[in-house]
């Protein structure tokens, strides 16, 4: 069974959660009810919506931007 999580692996940030497709080709990672919006290049395969994924990202490539709902 997969569980959502945030961690570190060497010089990388590891994000694990359910991938959600949003409008206009955008995507979000669902982390236990919270969402992280993803900057997606290209199109997402249709069969990946709702699947568990693990994203391993170099620390230097992770950025946080404020967002108001």
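The values are calculated or read from the model by the stated rules, or taken from the named source; none is laboratory data. Every value quoted in this text rests on a predicted model; they were computed, and no experiment measured them. Every residue, glycine among them, receives a Cβ derived from its backbone with ideal geometry; neighbour counts consider all protein chains shown.
Since residue 12 meets every condition but one in (1) modelled with pLDDT of 95 or more; (2) under 11 Å from the mean Cα position of the chain (by Cα), which condition does it not meet? Single failed check for residue 12: (2). Checked against the criterion of being touching a residue at least 40 places away in the same chain (Cβ under 8 Å), on the phi < 0 side of the Ramachandran plot and within 13 Å of the chain's Cα centre (by Cα), the range 33-54 has at least one qualifying residue.
So which residues in the range 1-32 are in contact (Cβ under 8 Å) with a residue 40 or more places away in the chain and either closer than 21 Å to residue 67 by Cβ or touching a strand residue (DSSP E or B) at 6+ places or on another chain (Cβ under 6 Å) (or both)? Hits for the range 1-32 are 2, 12, 13, 14, 15.
Within the range 23-50, which residues are over 22 Å from residue 62 (Cβ atoms) and assigned to a loop (DSSP other than H, G, I, E, B)?
Within the range 23-50, the subset over 22 Å from residue 62 (Cβ atoms) is 23-24, 43, 45-47, 49-50.
If the condition is that a residue be over 22 Å from residue 62 (Cβ atoms) and assigned to a loop (DSSP other than H, G, I, E, B), then 43, 45, 49, 50 are the ones that fit.
Please find, within the range 53-69, the residue that is modelled with the lowest pLDDT out of those that are part of a loop (DSSP other than H, G, I, E, B) and more than 14 Å from residue 35 (Cα to Cα).
This residue is 63.
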